[in-house]
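Peer 1: Dropping the structure in here first, questions after.
The values are calculated or read from the model by the stated rules, or taken from the named source; none is laboratory data. None of these values were measured; they are calculated from a predicted model. Neighbour counts run over all protein chains shown; Cβ positions are idealised from the backbone, glycine included. Ligands, DNA and RNA are excluded from the accessible area calculation, which covers all protein heavy atoms including side chains. Shrake-Rupley method; radii C 1.70, N 1.55, O 1.52, S 1.80 Å.
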Amino acid sequence: MPDIHTTRARTATLLAVPLLLAASGTVAAPAGAATRPTGAVTCQGAGVDPGAAVRYRSERVIHAPLSTIWKLQTDVERYPSWQAGIETIERLDHGPFAAGSAFRWTTRAPATPTTPATTLTITSTVQQLKRHSCIRWTGPATGGGLLINGTHVWDFTAVKGGVRVRTEETHTGPQVDADVPAATKILGEGLEAWLSALKSTADARSARAGHPGTSRV
């Protein structure tokens with residue numbers, strides 16, 4: 001049985017790295033996941049870094065109202081309540097979550113064959129946002145000598161029975177560029193974990209509210 005501290009550290013990494021990496025399709029989606037989208041994910045015409053070697057995209061249908069999913073994704077200060085890998089998080093601005101909003105969060109990252117265990121500090125700034133439709137944020141992650149610059153895009157579309165959530169992310173930086181397959185694998189696992197957590201939390205809230213499997217906003 002794996003050591004509990006190792007397991008928690010691994011979980012933290014998988015949930016943290018997604019804000020910074022993205023992949024091109026080498027990681028298999030878990031059972032129950034939708035087929036990864038073939039088209040780029042954009043928000044108001046802007047997408048991920050076209051020159052990044054590390055990239056990943058995925059999607060999931062969530063059986064909950066769009067308003068529930070949007071609230072979870074934009075109420076960033078409450079991320080630790082449903083994402084176990086996030087240790088601390090703070091908004092760096094006030095008012096509604098919108099273009100220009102920024103937040104800083106931390107997560108533990110265990111050692112890898114090429115990097116030491118460390119705490120990553122990630123600062124994300126929203127570049128584009130359309131309510132109930134899409135979000136695009138960018139920003140660096142630093143810690144333990146690491147520097148990773150990421151671009152992350154989310155798209156939300158009401159469909160029959162729920163909402164299709166699409167996401168794509170890219171990472172650049174000397175450490176990730178030095179081992180693209182490993183960085184891509186970590187990113188893919190992390191994005192799938194994020195989607196799974198978002199789906200399970202939103203579905204549960206929808207069920208408690210008495211309207212599962214709906215696309216109401």
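Peer 1: Pairs of Cα atoms under 8 Å, at least six residues apart: use those to get the relative contact order of segment 98-217, whole percent.
Peer 2: Reported relative contact order: 16 percent.
Peer 1: Could I ask something else about it? Check each of the trypsin sites (Lys or Arg not before Pro) in segment 122-210 and keep only those in coil by DSSP with at most 15 other C-beta atoms within 10 angstrom; list them in order. All intermediate terms of the calculation are to be shown ahead of the outcome.
Peer 2: Working: sites: LYS130, ARG131, ARG136, LYS160, ARG164, ARG166, LYS185, LYS199, ARG205, ARG208; in loops: ARG131, LYS160.
Passing sites in segment 122-210 are ARG131, LYS160.
Peer 1: Would you list, by chain and number, the lysines whose Cα falls below 27 Å from the Cα of LYS185, excluding same-chain residues fewer than 8 positions away?
Peer 2: Qualifying lysines at Cα under 27 Å: LYS199.
Peer 1: Run through every distinct alpha carbon pair of segment 76-145 and return the Kirkwood hydrodynamic radius in angstroms, one decimal place.
Peer 2: It works out to 13.3 Å.
Peer 1: Name the GluC sites (Glu not before Pro) in segment 117-217 that are in a loop by DSSP and that have at most 16 other C-beta atoms within 10 Å, would you?
Peer 2: Counting only loop positions with at most 16 other Cβ atoms within 10 Å, none of the GluC sites (Glu not before Pro) in segment 117-217 qualifies.
Peer 1: Just to make sure I understand: if all protein chains stay in place, what is the order of HIS63, HIS171, HIS132 by accessible area at 1.4 Å, largest first? Display every interim value, and only then the final one.
Peer 2: Details: HIS63 85, HIS171 0, HIS132 35 Å².
The residues order as HIS63, HIS132, HIS171, largest area first.
Peer 1: Evaluate the relative contact order of segment 42-140 (contact order divided by residue number), counting alpha-carbon pairs under 8 angstrom at least 6 apart; express in whole percent.
Peer 2: About 24 percent, as a whole number.
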